[in-house]
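Heads up: the structure comes next, in structure tokens.
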Amino acid sequence: MTEHRIGTQEEWQAEREALLKEEKELTRRNDELARKRGELPWVPVEKEYSFETADGTKSLAELFDGRSQLLIYHFMFGEAYEAGCTVCSSIADTLDPQVAHLKARDVTLICSSRAPLAKLLAYRDRMGWGFNWVSTAGSDFHRDLGFAHTAEELKPFLEGEIPPVVKEMAERSGTDPAGYVSEGPGLSAYALSNGTVYRTYVTTARGLELAMAYYGLLDRAPMGRNEKGEETFWLRRHDEYGTA
Amino acid sequence: MSEHTVGTLDQWLSARRELLDAEKEYMRQGDELARRRQELPWVPVETEYTFETEQGPKTLADLFDGRSQLLVYHFMFGFGFRVDEQNPGCTGCSFVADHFDGVIPHLNGHDVTLVSESIAPLERLQAYAARMGWQFPWVSSLGSDFKYDFGAAFTDDQQRNGADYNFKHVDEVSPQREGMSAFVLQDGTVHHTYSTYARGVEQLMGTFRYLDVAPFGRNEDPQHPAAWWHRHDEYETRQEEARR
């Protein structure tokens, strides 16, 4: 552990108060961004998608489950995967207790993946999750959002130097880099109004940190995210910590 | 439902790209604040605090449970939002705590322990945790000054004469307020590194982050933003009551 500056209560207090001003500013900035998201135009979803669910085949409108808003987390779990992506799994770990609160705001939150439903449900059992998880196998849903890629599209990436994080994550999902990066993570939001489904918002990459609740806590912990060097790949599935 | 602007995919994309730039800027500001939090001086904790836990009495250093960092959520119990004899845990804190179990394996795997503390007898906390289905460590700070010293509980005298909450003087302060404090253990000494209160606690709540990207956002009554909050096992009955 590196040496850290030790201070008095008064020194801490003065610096903490200065920081609080900026934290409040950032909170207001977040409120402002949320307001701007609400102003994005809604785009009607013209295509008919179908999803395999635990309750049979459903349309996108049916996934709203009687509510006016739908959030879909695009969970990286392709046909070539033996287990769902480790990072997506850490996101999924926090979903179940949030479902009741989101329902109370008329929001349905589910996950979707391209692997067959049976594979998804078996993995859901292993992880002890209860949220609704649908399969888009055979549908272009993920592809149309940019969260699924063909071998042809991936060729330049796969022929180059594969980043260690991709190799690591692929291995942890029981596939190779080509299989792993055929899937991409994302979050998309929809509104159902007068029988029409509209897409309202899509995000990916660091935009998904909103779903990684541990980052909110680590950003307030003494060592922060601490993801350099040996700690780069610290994340595991919740049942894998302490095993490897 | 209010009328919303409907647009083409191209219109949406251009608005979304513009928003993405603002989102990235927000993200970088967040990174910068996280960095600045880590630069705060560490303040040695001189007082000896004792907590009642499932494994018997423990010191603050014991609560680290072998890890280098400790986050303590100051959970309001016996006082708070929609609290009565049958429902002794604050509704807002219960909402926050619904986010804990899912992130704990990941925090623990990254050398961070997360516990909650309340000024109530341990068996009352345990009974309430059982009802809510929570597993996270929850200790009793009853009889210790811990919650008072870290700005989340206030003495009768402070309630009469005012005190600082969230680094600001409040004339009429409640017996308890929400907050989280961070500590680091180095060479056997516990240091206080950070505390956050009020809306700072929102950053621990994934549900708000999801709502901030949903079509209708938080959709709260501006006069009573928390009016929609209930304990996760109460929504159905409370909503039925509201309809009657």
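Please treat every number below as a calculation from the coordinates, not as lab data. Given the structure is predicted, the values throughout are model-derived calculations rather than measurements. Cβ: placed from backbone, ideal geometry, glycine included. Neighbour counts: every protein chain shown.
For chain B, build the charge dipole from Cβ charges (+1 Lys, Arg; -1 Asp, Glu) around the Cα centre, then report which of B:Ser141, B:Tyr235, B:Pro175 sits farthest towards its positive end.
Farthest along the dipole direction, towards plus: B:Tyr235.
Report, as an integer, the average count of C-beta atoms from other chains found within 10 Å of each Cβ along B:193-206. Intermediate values should be presented prior to the final figure.
Values: counts 7, 7, 4, 5, 1, 3, 6, 5, 1, 3, 10, 5, 4, 13.
Per residue, the average neighbour count from other chains is 5.
To the nearest 0.05, how large is the calculated FRET efficiency for B:Asp145 and B:Glu236 if R₀ is 41 Å and r is the Cβ-Cβ distance?
On the way: r = 40 Å, r/R0 = 0.98.
After rounding to 0.05, the efficiency reads 0.55.
Dipole magnitude of chain A about its Cα centre, charges +1 at Lys/Arg Cβ and -1 at Asp/Glu Cβ only, in debye to the nearest 20?
With Lys and Arg at +1 and Asp and Glu at -1, about 580 debye.
Using the Cα atoms as the points, what is the convex hull volume per residue of region B:1-110 in Å³?
Values: hull volume 24.4 nm³, N = 110.
Cα-based convex hull of region B:1-110, divided per residue, equals 222 Å³.
If each DSSP helix of 4+ residues adds -39,500 (n - 2.57) and the sum is divided by the residues in the protein assembly as shown, what number results at 222 nm, nearest 500 deg cm²/dmol? Walk me through the numbers on the way to the answer.
Details: 19 runs with 180 residues, N = 488.
Here the helix-only value at 222 nm equals -10500 deg cm²/dmol.
Would you work out the relative contact order for region A:43-212, in percent, from Cα pairs under 8 angstrom that are 6 or more residues apart? Please list the in-between numbers first.
Working: 297 pairs, mean separation 53.1, N = 170.
For region A:43-212, the relative contact order is 31 percent.
Just tell me how shielded A:68-78 is by partners: mean number of partner chain Cβ atoms within 10 Å of each residue's Cβ, no decimals. Could the numbers behind the result be given before it?
Numbers: counts 5, 6, 2, 5, 0, 1, 0, 0, 0, 0, 0.
Mean number of neighbouring Cβ atoms from other chains: 2.
Please compute, for the alpha-carbon atoms of chain A, the extent along each of the three principal axes and give them in descending order in Å.
Largest first, chain A extends 63, 43, 36 Å along its Cα principal axes.
Beyond 45 Å, how much of the Cα-Cα pair distribution for the protein assembly as shown remains, as a whole percent? Please report the intermediate quantities before stating the final value.
Working: 15440 of 118828 pairs.
Result for the distance tail: 13 percent.
Given R₀ = 60 Å, what would the calculated FRET efficiency be for A:Lys24 paired with A:Arg143, taking r from the Cβ atoms and rounding to 0.05? Working shown, then result.
Working: r = 42 Å, r/R0 = 0.70.
Efficiency, from the Cβ-Cβ distance: 0.90.
Starting from the Cα-Cα distance between A:Arg5 and A:Glu171, subtract it from 0.36 nm times their residue separation and give me the gain in nm to one decimal. Write down the numbers at each step before the final one.
Values: separation 166, 0.36 × 166 = 59.76 nm, distance 4.04 nm.
Between A:Arg5 and A:Glu171, full extension yields 55.7 nm more.
Which one of A:Ile110, A:Leu19, A:Tyr198 is farthest out on the positive end of the charge dipole of chain A, using unit charges on Cβ (Lys, Arg +1; Asp, Glu -1) and the Cα centre as origin?
My answer, from the dipole projection, is A:Tyr198.
Which distance in Å, rounded to a whole number, links the C-alpha centroids of region A:4-53 and region B:23-57?
When both Cα centres are located, 18 Å separates them.
Could you work out how far the C-alpha centroid of region A:188-244 sits from that of region B:163-233, in angstrom?
Taking the Cα centre of each part, region A:188-244 and region B:163-233 sit 20 Å apart.
What number, in percent, do you get for the relative contact order of region B:43-204 if the mean sequence gap of Cα pairs under 8 Å and at least 6 apart is divided by its residue count?
Values: 301 pairs, mean separation 44.2, N = 162.
Result for region B:43-204 is 27 percent.
Residues in region A:158-200 near a label at A:Ala61, defined as backbone nitrogen under 19 Å from the 7 Å Cα→Cβ point?
Under 19 Å, as judged by backbone N against the label point of A:Ala61, lie A:189-200 of region A:158-200.
Can you tell me how much longer the chain between A:Leu121 and A:Asp31 gets when fully stretched, taken as 0.36 nm per residue apart minus their C-alpha distance, in nm with one decimal? Working shown, then result.
On the way: separation 90, 0.36 × 90 = 32.40 nm, distance 3.63 nm.
In short, 28.8 nm is gained.
Could you estimate the translational diffusion coefficient of region A:1-48 from the Stokes-Einstein equation, with Rh from the Kirkwood formula over C-alpha pairs, at 10 °C and 1.306 mPa s, in whole µm²/s?
Using the Kirkwood radius from Cα pairs, D works out to 107 µm²/s.
Restricting things to alpha carbons, tell me how big region B:43-204 is in terms of Rg and Dmax, in Å.
Final numbers for Rg and Dmax: 15.0, 44 Å.
Please give, to one decimal in nm, the separation of the simple spin-label points placed at A:Ala14 and B:Leu13, each 7 Å out from Cα toward the Cβ.
5.4 nm
Work out the mean other chain Cβ neighbour count within 10 Å for the residues of A:106-112 and drop it here as an integer.
Numbers: counts 4, 7, 1, 3, 0, 0, 0.
Across A:106-112, the average partner-chain Cβ count within 10 Å equals 2.
Take the eigenvalues of the Cα gyration tensor for region B:14-59, scale each by 5, and report the square roots as semi-axes in whole Å, largest first.
Numbers: eigenvalues 375, 57, 5 Å².
Each semi-axis is the square root of five times an eigenvalue, giving 43, 17, 5 Å.
Among B:98-110, B:231-243, how do they line up from the highest to the lowest mean number of other beta-carbon atoms within 10 Å? Before the final figure, lay out each step's value.
On the way: B:98-110: 21.6, B:231-243: 13.0.
Output ranking for B:98-110, B:231-243: B:98-110, B:231-243.
Treating only the Cα positions of region B:155-244 as identical point scatterers, give the base-10 log of I(q)/I(0) from the Debye formula at each q in 0.17, 0.18, 0.25, 0.26 Å⁻¹.
-1.02, -1.06, -1.24, -1.26
Place a point 7 Å from Cα of B:Asp164 in the direction of its Cβ. Which residues in region A:1-44 have their backbone N less than 11 Å from it?
Label zone hits: A:9-18.
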